[in-house]
Amino acid sequence: MTAATLILIAPSSLLLGAALQLLVAKLCSSRTKGILAALFCLPSVLAVIGLIPSVRSGQAVELKLFQWDGPLALVLHVDALSVLFAFMGTFLGAAVLLYSIGYMAQDKAATRFFCSMLVFIGAFVGLVFSANLFIFYLCWEVVGLCSFSLVGFWYTNPEAVSGARKVLLMTHIAGYGLLAAIIVIYSRAGTALWTDPAVAHAFTGGVFFLMLAALVAKSVQFPLHTWIPEAMAAPTPVSALLHAACYVKAGVYLAVRMYSFGPWQPTWGLSLICVGTVTIAVGVMYAMVQTDLKRMLAFSTVSQIGYMMLGIGIGTPLAIVAGLLHCLNHGFFKGGLFLTAGSVQHASGTRDMNKLGGLASRMPQTTLSWLIGAGSMMGIP
Amino acid sequence: MSGFASKWMLYAAALQAGWTVPAVIAWAASLGTVFLCAKATSAVFLGPLTEATKDAHESPPTMVWGMGIMATGSIILGVAPQLAVNYLLNPILGALQLTAVQVTWFGLSSNAGSFSTMGGLVLAVVSVILGGLIYAIAYVARPAAAGGAALAGGGIFTGGEPLSDQGRLTAGDFSDIFLQNWKDFFRWTNVDRVYLGMWSGLQAASRILGVAVSWMERHAVLLVIVLAAALLAAVRWTAPGPSAWLWSRGVPLSGPILVPVLLIAACVVAAVALILAAISSKASRRFIQQMTVPLMILISMATIAGLLVPEPRLRLCLLELGALLTVALVWLTARTVSAKLTYLTVVLISASSLIASDLLLNSGQKEWAWALLVTSICVKLAAVPLFFWLLSLADELPAVVLGLIIAVVDMAAFGEISTSALSIPDYYLPHALLLGAAAATSFLAALLMLTQRSLKRLLVLSTIEDVGFLFLGIFSLNIIGLDGALFAASTHALAKALLFICLSGPEADGALNNESTGLAKRYPVAAFGFLFGMLAMLGIPPLMGYLGRWRLYETALQISPLLLTVFILSSIFALIAYVLALTRVWWGPAHDADSPPLPDKPKREPFLLQATIVVLVALLLAGGIWPNALGMLLGGRP
């Protein structure tokens, strides 16, 4: 199978799965829908893994599909960075979907849930594969909208409504920075393809800081981090996907991808270091005072993403690898911790740590999963 | 486990690059992470069972498998991070023209120097052994527990404070200590206070503007006449339009200029959808008896016929006939005489100005023709300073009637204007006055949207906000701006029809008022349609509105970055207003103590209404996902 075919399979399988969810809405049980969703994620995982040899020596695969909107073409550019993030999105997404089979088995709105989850992952794959910045922005917003609809999944619950509102407002308003930056690049360079060398000349300080605003909000960095604890009213698999794979990681991807746009000025790295460092401290302090299990994990995500931004801002090979490795590690351990928190809530009906206790004897497998996740987050070798 | 490798490499990288302070802060934060993980582990998994956990049991297998995959990944990445580094991360460095990093088992990096390589492992191993020893000593020295429950006091080191009666420190106890000792930190880092302050400021500005606009609405008839005259004079003498040499260049393009097929198609779909909604509504009998539906059909036919006709004079006549028929519709359905008179005045001024402009253009009175045309456009499309008249109609008319006026009649009028822009390009010069009016229209309408409780007023203001964008496209006179305006007008026709149709169901049931909440429970399809309609209006991808908006932002940037900033700000205000409306009126509990309960027991929304909403949503989505298909419909543009 060629690399081009694999590139197309990765998002298409997910979107087909979403379409199928709509078709079988009246025919299948919630559990069957969950199984179908997980199965349709599997080809994406395999396709992304299959792409690793094609990009391992540092080269990229470019695929021009068709003219999309007037002068803008749908061009996909897949390099190692795209594959890393696509791997996180699809692999961790598949694990979350597997978990959701049991978690959502009794929910009547399973079609909406699984359809949104598949589009969520598919849009994230589209985002990291896209070479056209306008399509990048499209995927960026689709990811945002899926998150909005999933956080507000239980839309009659005031807490969910409030959380969804905050998610959309804070991230979308900052997202205008990304759109403005893209428009400036297009206006100056005459192209929307970031792979075009002309983009390097258009990639100035103003453009960088506009993009920085968008990624700070998406990646829950200080001072645009306050939406993340409010998003905890979402079903727990959504929280896991949001934190581990497909949402906050979009901002990390953009931060690293900006190295491909053109050379960085020293102040740009400095600004990222400052944002990352402050966020590390603020995130962990707020996490320490939480009594709601999921809110504590949410604030710890704020802190952990700060580590990634610090590494990317320093910009040396070791720092970038450290930041990206932490991103991958975080996907696994934070995904696991959220799924564990979901199991705890599923079993006890509460996330309030003051009301919990003694679950090690009742849920040994869940406890083991927690200990591994917590140990990883603490950095125990 | 996995976090060790990446964190250790990060500290080493920061120290190597001279970033000592960030490295120390990151390390200190890691201690905090250890603390919070220990706290959560203790509170959730250790200690005695509680009321909430006494019946807990292990999760279903698929949930355990999901957690197991994550845990396995964490262990593999912790033991052999070189797998990720060699296969996934070093190729990224290669693509960025950076040198590869060498990492071995447990994440020890040879790039971090020998001290870091060995020191990291030694420190980590010592930490683990010490931690284990402390735990073992504490475990051996623990007091004997009666009945399996831990006793208060005894062998647990608490720092001196007495243990509370639950026998162990809870998560809340830890939090309270922290909150007390670090309260200044938490106060100063609570950035939500800043956002709330900004929001209060915006609301205050919106309310002040709202008071002025309310006064204008109360005197709408008089003010329409006075302000239209003032606008005519201002444009005639302060913004006199194209100079003589430009007129000489302004040769109309050969052949008749047609209204783009895309806009015609959008107006047709919007008209049909609104008529279907009127027929399927609970109020359909009243609508038919009052001649509302027949008039809607007549207006639609006249307007669509006008858009299809290539001959300019006949087109103008048909479109104005459609507009005059809407006066009859408003006369039949509006509740107050004042609203009826206001609309009559607007249509008369607009139509007479447009016809006079056409006649004067042919007789060589170009400056007057230009001024009359601008006046007609501003009156008809409710631009600043004449936007209050449309607002005064908002709560007077049924949603479908308002939808027809805005989505069909007004957008058709915009189609007519766009053809004149194409036929005589020099007629529309980028002029500071007009671009300023466009920006002000958009910005002020969006600011007013922030404090609207009535959904119909919100939608009317959103139309005015979008009219600012349409003016920007048409007055910028470049191809990308014109295309953007046509996409935006077509989106406007479809999305506004959808939004008003979504209101028609609750309105017919008497469930739509300024205190309505939780309508989605009873009208799920209408809530779904409202969400997509608002996203299309806001230009959020993947809806069709994105195609118009990015082009118009691009156009604004080409004129001035300040103009782009104003239009983005107005988009942000509109976004806030729409999201508040969605979450306040449609989502949430069905009703609360402050709002009246819904009048009837829940019923299914009419099938025809549901189908209409779904089709409109599908069209808006298809247009946004496959724009080139729409581009082909932009026929008529040379």
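Derivation of every value follows stated rules applied to the coordinates shown; laboratory data play no part. This is a predicted model, so every value here is computed, not measured. Neighbour counts run over all protein chains shown; Cβ positions are idealised from the backbone, glycine included.
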Among all the aspartates and glutamates, which ones have a C-alpha under 14 Å from residue B:340's C-alpha, if same-chain residues fewer than 8 places away are not counted? B:217, B:395, B:396
Which one, A:258, A:216, B:36, is farthest towards the positive end of the dipole of the protein assembly as shown when Lys and Arg carry +1 and Asp and Glu -1 on their Cβ? B:36
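Could you work out the mean count of beta carbons from other protein chains within 10 Å of each residue's beta carbon in A:339-347? Working shown, then result.
Details: counts 9, 8, 2, 4, 8, 6, 1, 5, 8.
Per residue, the number of nearby Cβ atoms from other chains is 6 on average.
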Residue order, fewest to most surrounding Cβ atoms within 10 angstrom, among B:39, A:355, A:108: A:108, A:355, B:39
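In this model, which of A:218/B:496; A:33/A:218; A:334/B:521; A:108/A:334; B:39/B:183; B:7/B:39 are farther than 23 Å apart at the alpha-carbon?
Where the Cα-Cα span goes over 23 Å, the pairs concerned are A:218/B:496; A:33/A:218; A:334/B:521; A:108/A:334.
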Reachable aspartates and glutamates from residue A:26, Cα under 16 Å, same-chain residues fewer than 8 places away excluded? A:107
Tell me the relative contact order for chain A as a rounded percent, counting alpha carbon contacts under 8 Å between residues six or more apart. 14 percent
Counting sequence-distant residues (5 or more places) and residues on other chains, those with an amide H built under 5 Å from that of residue A:132 are A:75
Along the dipole axis of segment A:1-131 (charges at Cβ: +1 for Lys and Arg, -1 for Asp and Glu; origin at the Cα centre), the most positive-end residue among A:89, A:129, A:1 is A:89
Sorted by Cβ density within 10 Å, fewest first, the residues A:316, B:342: A:316, B:342
Two-decimal log10 I(q)/I(0) for the protein assembly as shown, as the Debye equation yields it once each C-alpha is a single scatterer, q = 0.05 Å⁻¹: -0.33
What nm value, rounded to one decimal, do you get for the distance between residue B:186 and residue B:209 when each label is placed 7 Å out toward the C-beta? 3.8 nm
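With a 10 Å radius around each residue's Cβ, average the other Cβ atoms per peptide and rank A:360-370, B:65-75, A:201-211, highest first. Write down the numbers at each step before the final one.
Values: A:360-370: 20.5, B:65-75: 23.5, A:201-211: 17.5.
Per-residue Cβ counts within 10 Å, averaged per peptide and sorted highest first, yield B:65-75, A:360-370, A:201-211.
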For segment B:195-205, Karplus-derived ³J(HN,Hα) couplings (6.51, -1.76, 1.60; θ = phi - 60°; whole Hz; x for glycine and proline) come out as 5, 5, x, 4, 5, 4, x, 5, 4, 5, 4
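What FRET efficiency comes out for the pair residue A:8/residue B:479, r = Cβ-Cβ distance, R0 = 45 Å, nearest 0.05?
Details: r = 33 Å, r/R0 = 0.73.
Efficiency, rounded to the nearest 0.05: 0.85.
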Mind ordering B:544-554, B:210-220 by average Cβ neighbours within 10 Å, highest first? B:544-554, B:210-220
Net charge contributed by nearby residues that have their C-beta within less than 15 Å of residue A:92 (K/R +1, D/E -1): +2
Any residue on another chain or 5+ positions along whose placed amide H is under 5 Å from the amide H of residue A:292 is listed here as A:353
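Pop the C-beta distance of residue B:331 and residue B:432 into the FRET formula with R0 = 41 Å and round what comes out to the nearest 0.05. Could the numbers behind the result be given before it?
Numbers: r = 39 Å, r/R0 = 0.96.
For R0 = 41 Å, the calculated efficiency reads 0.55.
Over every pair of different alpha-carbon atoms in segment A:1-131, take the mean of 1/r and invert it; report that Kirkwood radius in Å.
Numbers: mean 1/r = 0.0663 Å⁻¹.
Over segment A:1-131, the inverse of the mean reciprocal pair distance is 15.1 Å.
Residues of B:583-590, mean number of Cβ from any other protein chain within 10 Å of their own Cβ, rounded to a whole number? Walk me through the numbers on the way to the answer.
Values: counts 12, 2, 0, 2, 11, 8, 5, 1.
Neighbouring Cβ atoms belonging to other protein chains average 5 per residue here.
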Expressed as a whole number, the average count of other chain Cβ atoms within 10 Å around the Cβ atoms of A:94-107 is 4
For segment B:544-552, what does the Karplus curve 6.51 cos²θ - 1.76 cosθ + 1.60, with θ = phi - 60°, yield as ³J(HN,Hα) per residue in whole Hz, taken in order and with x for Gly and Pro? 4, x, 4, 5, x, 5, 5, 5, 6
From zero up to wherever the largest Cα-Cα distance of segment A:163-242 sits, split into 5 Å bins and tell me the percent of pairs in each. 3, 16, 20, 18, 13, 11, 9, 7, 2
For segment A:18-33, Karplus couplings with θ = phi - 60° (6.51, -1.76, 1.60), whole Hz, Gly/Pro x: 5, 5, 5, 4, 5, 5, 9, 3, 8, 9, 10, 7, 4, 5, 5, 4
FRET efficiency, residue A:361 to residue A:29 (Cβ-Cβ, R0 35 Å, nearest 0.05): 0.60
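At 222 nm, what helix-only mean residue ellipticity would the protein assembly as shown give, in deg cm²/dmol to the nearest 500, using -39500 (n - 2.57) for each DSSP H run of four or more? If you can, show how the numbers build up before the last one.
Details: 46 runs with 722 residues, N = 1019.
Computed ellipticity for the protein assembly as shown at 222 nm equals -23500 deg cm²/dmol.
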On the Cα set of chain A, report Rg and Dmax in Å, please. 19.9, 63
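Going by C-beta contacts inside 10 Å, put A:176, A:307, B:523 in order with the fewest on the left. Before the final figure, lay out the partial values.
On the way: A:176 18, A:307 31, B:523 28.
Going from least to most buried by this count: A:176, B:523, A:307.
Quick one: which of A:273-284, B:43-54 comes out on top by average Cβ neighbours within 10 Å, and what's the full order, highest first? Intermediate results must be reported in sequence, preceding the final value.
Details: A:273-284: 23.8, B:43-54: 19.3.
Most protected by this proxy first, the peptides run A:273-284, B:43-54.
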Let me know the Kirkwood hydrodynamic radius for segment B:20-71, please, with Cα pairs as the basis and the value in Å to one decimal. 14.1 Å
